[in-house]
1. How big is the gap, in Å, between the Cα center of the range 20-92 and the Cα center of the range 341-367?
2. For Val420, what residues show an amide H to amide H distance below 5 Å, using hydrogens built from the backbone and excluding near sequence neighbours?
3. Non-local amide H neighbours of Ile27 (under 5 Å, H modeled in plane, Pro and chain starts lacking H): which ones?
4. Taking a 32 Å limit on the Cα-Cα distance, which of the listed pairs Lys79/Lys294; Lys154/Lys180; Lys78/Lys164 fall beyond it?
5. So between Asn318 and Ser293, what do we pick up on full extension, going 0.36 nm a residue minus the alpha carbon distance?
6. Given R₀ = 41 Å, what would the calculated FRET efficiency be for Arg395 paired with Arg52, taking r from the Cβ atoms and rounding to 0.05?
7. With label points built 7 Å along Cα→Cβ from the Cα atoms of Lys408 and Ser68, find their separation and express it in nm.
8. Just subtract the alpha-carbon distance of Asn329 and Thr372 from 0.36 nm times their residue separation and send over the number in nm, one decimal.
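Nothing in this text is a laboratory measurement; each read-out follows from the coordinates by a stated rule. No experiment lies behind these values; they were computed from the predicted model shown. Using ideal geometry, Cβ is built from the backbone for each residue, glycine included, and neighbour counts are taken over all protein chains shown.
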Amino acid sequence: MPIEKSDNEMVDSLGVIPGTPSGTITIGRSGYAVGLLWQPLQNPEDPTPEIREAIEGDPDADLYCLRSTSTPQYGIGKKSIGHRAGEPSAAAAVASALSDYTSVAAVFKVREGWWLVAIRNDLILSEDDVLLTSEQEAQDRFYSLMALPDWDLKITPPEWQIDKSKEMSLENLVRKAGSKSRLQEIGAAKKTQVLTIIALFFVILVFVVIWMSVSLWQNVFQEEKIEAMPIPEAIQPVEPAPEKPKPWEKVPDMEVFMHKCWNNSYQLNTLTIPGWQMGGITCTPEGLTTSWSKSWQPGGRIAWLKAALNEYKMSRVNVQLNSDGTTANGQLSFTGIPTIASVPSLTEQQLWEELTDIKQATGLNISFDRQTMVDPPNNPDGTKPVNQQEYVFYRISVTSPYTPFEWKTFFEKFPGFHLVQINFNPGLDAQDKWKYEGRIYAK
């Protein structure tokens, strides 16, 4: 007979009672994995290095699964909480079955308790793929998600009687999706890499042996050559200085930048830190910055701030406190954002007409102005270098309630676009929460 668990038992960051293998729920007659740590996948062609980096800090992590969509993800699992190799992911199955919806918040009553799952802009939220043993905690977690706007679909048990929510059969959803995303052994990926390294070592070894044999043959049997008269060294022509790359030939990959900004901003915004209030978040391709200020007097201990960051796996955020400990600045460096070429296709006049027409047609809060830049800059005496080039661009600024993924299609209309900065301020009115700044270079 199963052991009853009280609602006030301590649970870990995955919503699982310590010591209890609650990483699996039963749907129909099959087991499905829940409580995975989900992360966006930057390189779907070679996911192994990303997955290996993600599990280095957690010795219990030993399984993973891949989710191939327009915004690919990988989930990290643990055998210690009941995950098994070959087991399908419940969150991936539900996301696949509900792929017609962009953002979904759902709670399903299952045999093991209440399973909460949230999908935002086609991304499974890591902290919201969780099995809970307390119905009250499941309701609290669901209501906290409702603080975010623009949910396309809400699913709850019928007895909760939540307005505009639907009841759906979890068994029907996973049957519709199939079992494409299954947990795999982390060791299998590592074993493949080890075998590759061994094979490469033997290829190099064979090459070295052949090279040494040829060298020995030449040294022993080659006839002594008559020393030739030295030939005067020819005057080498002066090579022209290489042309400097144009500014649009190396711009940060906008999609990767948006993923990193959105994923980290969302996690920071969902942090609940007693006594501390978060300010705005600013993202650049180099990293993210934010701040917190004490909201309780007295209250708001430094230890609570750092404990919350560690609990939500945001320990990579570097926190600097002011002299009296009442405000804290946070910095998070972004790594792995590649640069791409985005060659302009519109002239200066065409850009102005296109932007003006869009602003008039939509009424969006878009501002833009013509700017120029020279590269390389003028010499210290004010003269222009011989190879100086002048580039024309429009500096564009957009204030909007819409997330980066909803603006991505608009920005992609303009070849030569360079996304410079994203600002997110959850404390402002909905219309002003997001601000985007960038450059559109003219042809």
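1. 42 Å
2. Glu437, Gly438, Arg439
3. Tyr32
4. As for pairs spanning more than 32 Å Cα to Cα, those are Lys79/Lys294; Lys78/Lys164.
5. The span from Asn318 to Ser293 would gain 7.4 nm if fully extended.
6. Taking R0 as 41 Å, the efficiency between Arg395 and Arg52 is 0.50.
7. Inter-label distance under the simple model: 1.8 nm.
8. 12.1 nm
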